[in-house]
1. Determine the shape class of the chain: with a ≥ b ≥ c the square roots of the Cα gyration tensor eigenvalues, call it rounded for a/c under 1.5, and otherwise prolate if a/b is greater than b/c, oblate otherwise.
2. Over what distance in Å are the Cα centres of the range 12-63 and the range 75-110 separated?
3. Run the 1.4 Å probe and let me know the accessible area of Asp90, rounded to the nearest 10 Å².
Amino acid sequence: QVQLVESGGGLVQAGGSLRLSCAASRSTVSSNAMGWFRQAPGKEREFVAAISRNGIVTYLVDSVKGRFTISRDDAKNTVYLQMNSLKPEDTAVYYCAAGRLAQAMRVSPPDYWGQGTQVTVSS
């Protein structure tokens, strides 16, 4: 069974940085494309970033390009989301996800979800 556990969220001032981690059950990271989504209060969940199974291809939503980076460590079964230059509009619950194709995560829900971690950016 696939399990995804996020960590690293918290409260940070605008312009600051956070690194989110997603610890996955055995072989999940190496067997799947991995991604991050977020949901702000009163809004729908949205795609943020995805990385292919081989780690070569990444996708980022336009609003975070140049600020966020997704990476993976298959040996540790962990995926990361490095978030720099954070803005108040980045405030949301961030969810880790696993699926077949990184490209597909941009338009359709992935197969597996974590429970989410709260990121709050103060102005």
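1. It comes out prolate by the Cα gyration axes.
2. If you average the Cα positions of each part, the centres end up 1 Å apart.
3. 0 Å²
The values are calculated or read from the model by the stated rules, or taken from the named source; none is laboratory data. Just so it is clear, the structure is predicted and the values come from calculations on it, not from any experiment. Note: accessible area is taken over every heavy atom of the protein model, side chains too, but ligands, DNA and RNA are not part of it. Shrake-Rupley method; radii C 1.70, N 1.55, O 1.52, S 1.80 Å.
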